[in-house]
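The values are calculated or read from the model by the stated rules, or taken from the named source; none is laboratory data. Computed from a predicted model, the values in this text were never measured in an experiment. Cβ atoms come from the backbone with ideal geometry, glycine included; neighbour counts cover every protein chain shown. The protein model used for the area step is the full one, side chains on, heavy atoms only, and it has no ligands, DNA or RNA in it. Shrake-Rupley method; radii C 1.70, N 1.55, O 1.52, S 1.80 Å.
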Amino acid sequence: MSVDRHICEDAEAAAEACAQFILALLKETLATRDYATLALSGGSTPKLLFKSLVDAKFKWDGVHLFWVDERAVPPDNPRSNYKLASDLLIGPAGIPRQQVHRIRAELHPTAAVEVYVEEIRRFFKLQQRELPKFDVIQRGMGADAHTASLFPSEPLITDRKNIAAALNVAKLDQWRITLLPGTLLAAHNTAVLVAGEDKAAAVRAVFEESFDPKKYPAQLGMRDGANVTWFLDQGAAKLLQG
Ligand code: 6PG
């Protein structure tokens, strides 16, 4: 288990490095079995990542896409993480719909979680209380050090046994559906892509403050035995001492 960090010239370079890292892991997995699983995050940073993934002209046969989290909005809503991926990755890369396992966020949040968890259980052929091991999880981080839809002080940050949950993010007044820490930590590999000076304080805290995921959710995986690789641009890394 390891935590690695790559500091790149700018956001485009960080996205490109993250894309190459993810594609190498998918290729490695597809050399051993006929499918691979990749869970994507949303927000704005992934726009650059998706462009790099499309430009790589990768053969997506067998790669199954899932989501780390989703806003509780229909799939055609501009805030939808699925819409972002559909517009910038799935469509341009020609990823077949049967390989896309979106969160049905048009449903009531608790129903959306139930449907999503059932789809994950079925795909991963999980036993009761077993967690899915995604081959690759791509995460981002907010300026408040949130990751997925796990925001500071979220009680579910201590949940290590459930796959996903619906939660109301008070500060945004938004319902979200998110994978929970147990699932995030169970991943074979995690790539965290963070860019922009507005994230610098949170990046410094995540790497240099004491381990406290309830305060800094993006620390999940940093000290609890996961393989986490960070891709930062100079702006996001500017306050790092080490
Ligand atoms: C979301 C994401 C979230 C994201 C961070 C960073 O649904 O918003 O999954 O966890 O990774 O908020 O977002 P930006 O890339 O927009 O800064």
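Per residue, the convex hull spanned by the alpha carbons of the chain comes to 115 Å³.
Within the listed set P217, P181, P96, the Gaussian network model of the chain (springs between alpha-carbon atoms below 10 Å) gives the highest mean-square fluctuation for P96.
Accessible surface computed residue by residue for the range 163-208, with neighbouring protein chains in place and a 1.4 Å probe, gives 32 Å² per residue. Label positions at D34 and K59, each projected 7 Å from the Cα along the C-beta direction, are separated by 1.4 nm.
In loop segments of the range 193-242 as defined by DSSP, the chymotrypsin sites (Phe, Trp or Tyr not before Pro) with at most 13 further C-beta atoms inside 10 Å of their C-beta are F211. With a Förster radius of 22 Å applied to the beta-carbon distance between R97 and N162, the computed FRET efficiency rounds to 0.20.
At a probe radius of 1.4 angstrom, the accessible area of the range 1-114 per residue rounds to 47 square angstrom.
Spin-label pair L126-S2: with each label point 7 Å from Cα along the Cα-Cβ axis, the two points sit 2.8 nm from one another. Shown for the chain are the DSSP H helices of 15 Å or more along their axis, judged by Cα atoms, with a mean Kyte-Doolittle hydropathy of at least 0.5: 11-30. In summary, the range 73-148 shows an alpha-carbon radius of gyration equal to 1.23 times the 2.2 N^0.38 Å reference for compact globular proteins.
For the range 1-107, the alpha-carbon radius of gyration amounts to 1.08 times the rule-of-thumb value 2.2 N^0.38 Å expected for a compact globular protein. Were the residues from D87 through S153 laid out at 0.36 nm apart, the gain over their Cα-Cα distance would be 20.5 nm.
Of all aspartates and glutamates in the structure, those lying under 20 Å Cα to Cα from K214, and not within fewer than 8 positions of it along the same chain, are D69, D144, E154, D159, D173, D224. The alpha-carbon atoms of the range 201-241, seen along their principal axes, cover 26, 20, 15 angstrom, with the largest extent given first.
Of all lysines in the structure, those lying under 17 Å Cα to Cα from K238, and not within fewer than 8 positions of it along the same chain, are K199.
Of the trypsin sites (Lys or Arg not before Pro) found in the range 101-156, the ones in coil according to DSSP and having at most 15 other Cβ atoms within 10 Å of their Cβ are K125, R129, K133.
For the range 162-218, the list of GluC sites (Glu not before Pro) that fall in a loop by DSSP and count at most 15 other C-beta atoms within 10 angstrom reads E209.
Charge tally for L30 (other residues, Cβ to Cβ under 14 Å; Lys, Arg +1; Asp, Glu -1): -1. Just the protein heavy atoms count here, and of the accessible area of the chain at 1.4 Å, carbon and sulfur take up 50 percent. Within the listed set Q219, Q20, Q128, the Gaussian network model of the chain (springs between alpha-carbon atoms below 10 Å) gives the highest mean-square fluctuation for Q128. Over the residues of the chain, the helix contribution to mean residue ellipticity at 222 nm works out to -8500 deg cm²/dmol, using -39500 (n - 2.57) for each DSSP H run of at least 4.
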